[in-house]
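Please treat every number below as a calculation from the coordinates, not as lab data. Keep in mind the model is a prediction, meaning the values are calculated, not measured. Here Cβ is always computed from backbone atoms with ideal geometry, including for glycine, and neighbour counts include all displayed protein chains.
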Amino acid sequence: MQNKYTESSSSEPAYKPITKKTAPPPKRKRLLKTNAFREAVTGYLFLLPALILLGVFLLYPMASAFYYSFTDFYILTPNEKSFIGFENFQFIFQDAQFKQALWNTVYFAILVVPIQLAVALGLALLINQKMKFRVFFKTAFFSPVVMSLVVVSILWTFLYNPNEGLINELLGIVGIPAQPFLTSSDQAMNSIIVMSVWQGAGFQMMIFLAGLQNIPSHLYEAAEIDGANRLHKFFHVTLPGLRNIALFIFITITIAAFKLLVQPMIMTQGGPLGSTKSLVYHIYETGFNYRDVGYASAMAVIFTIIVLIITIVQRILIREERG
């Protein structure tokens, strides 16, 4: 006869078996799918205004420009446009004004990019030092960035005045004769470059300053222990620490340089003798002043391809350097 202890041990298991988690019931699955669908719809609804603006002000104009580039669209007779194939593109390579505007844009970019990069880095190194009135100088160097480029262009036009301009007055004090600046085909573009560097260097200065403050201080301490002077620390610690930031600034300045428009439009109207007419300004003048939208659209397509090629080349070079 079995006692109660024997009966309890035989009727109940000694341990609880491990049960696998079963899949949620079908109703729960449908509920999860419904919640995910609602979240996706909510996200797209928040994104919809930006997509509409992007389509209306970017994608639609780009598609329209590509279409009009194959037509003889004249803005005063919009109903008489016809398809002419690649005639606009063929004429571009024979247009002397297009070639000059392209060269002016390339010349501006070649000079303004390294100069503005160097000035911005120099200002950042200066502001990063422990000095009096540091906040004042930081604000003074950055203030031209927040000013309208139209206002800055008008201001510098008065400064460059060959007769009553402040710059010529200061040059006269040190015995330098008055310079024509914007009225000379040899000095006009260089004068615009100086103004553009002054106006835009403050923004890149702030980016460089953030990069300088993120460089670990122990790297400078280790360099000092090894006997490095300021020049060695700059080339072996500071510049490598700012490498990625400098590449980013280089790309942004290059793209902005190729979009040169406001400065020549306000300061010189593309003159003298077309020496300051940029490619974007030439496209604007052809499309709105001469009303030849078809030819202006063809130049805009070529300009987009040029900028795209430059951007791709820059990304390839940067990728190789990082590799």
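Descriptive notes on the structure:
- Rounded to the nearest 20, the size of the Cβ-charge dipole of the range 154-298 about its Cα centre is 280 debye, with Lys and Arg at +1 and Asp and Glu at -1.
- Alpha-carbon centroid distance for the pair the range 300-320 / the range 160-208, whole angstrom: 31
- Tilt relative to the chain, helix 243-258 - C-alpha long axis, 0 to 90 degrees, to 10: 50
- Answer label for semi-axes √(5λ) of the Cα gyration tensor in Å (calculated), chosen among [x] 36, 30, 18; [y] 36, 20, 18; [z] 58, 37, 18: [z]
- With helices as the sole contributors, the chain gives -21500 deg cm²/dmol at 222 nm; each DSSP H run of n ≥ 4 counts as -39500 (n - 2.57), and the sum is divided by every residue.
- Degrees separating the helix 26-54 axis from the principal Cα axis of the chain, which is the longest one: 10
- Sparse-neighbour loop sites [chymotrypsin sites (Phe, Trp or Tyr not before Pro); the range 60-151; at most 12 other C-beta within 10 Å; DSSP]: Phe86, Phe93, Phe133
- Phi-derived couplings, Karplus 6.51 cos²θ - 1.76 cosθ + 1.60 at θ = phi - 60°, listed residue by residue for the range 278-283: 7, 5, 5, 5, 5, 5 Hz, with x used for Gly and Pro.
- For the chain, the residue among Ile310, Phe46, Tyr295 whose Cα projects farthest onto the positive side of the dipole built from Cβ charges is Phe46.
- Sum of side-chain charges, Ala124 neighbourhood, beta-carbon under 13 Å (Lys, Arg +1; Asp, Glu -1): +2
- Here is the list for the range 51-145: trypsin sites (Lys or Arg not before Pro) lying in DSSP coil, each with at most 10 other C-beta atoms within 10 angstrom of its C-beta, are Lys130, Lys132.
- Under a 5 Å amide H cut-off, with hydrogens placed 1.01 Å from N, Thr71 pairs with Ile84 among residues at least 5 apart or on other chains.
- Near the amide H of Asn161, within less than 5 Å, lie the amide hydrogens of Leu166, all on another chain or at least 5 residues away, with H placed in the peptide plane.
- Charge dipole (the chain, unit charges on Cβ, about Cα centre) - positive-most of Ala140, Gly55, Asn168: Gly55
- Each Lys or Arg adds one and each Asp or Glu subtracts one; over the other residues with Cβ under 14 Å from the Cβ of Gln269, this totals 0.
- Computed from phi, the 3J(HN,Hα) profile of the range 304-316 under the Karplus parametrisation 6.51, -1.76, 1.60 (θ = phi - 60°) reads 4, 5, 4, 5, 5, 5, 4, 5, 5, 4, 4, 5, 5 Hz, with x in place of Gly and Pro.
- The 3J(HN,Hα) values that the Karplus relation (6.51, -1.76, 1.60; θ = phi - 60°) gives for the range 156-170 are, in residue order, 6, 5, 5, 5, 8, 4, x, 9, 10, x, 5, 5, 5, 5, 5 Hz. Gly and Pro appear as x.
- The magnitude of the dipole of the chain, with charges of +1 and -1 set on the Cβ of Lys/Arg and Asp/Glu and taken from the Cα centre, is near 2040 debye.
- For peptides 37-48, 303-314, sequence by mean Cβ density within 10 Å, most packed first: 303-314, 37-48
- The value of relative contact order for the range 89-322, using C-alpha pairs under 8 Å at least six residues apart, is 29 percent.
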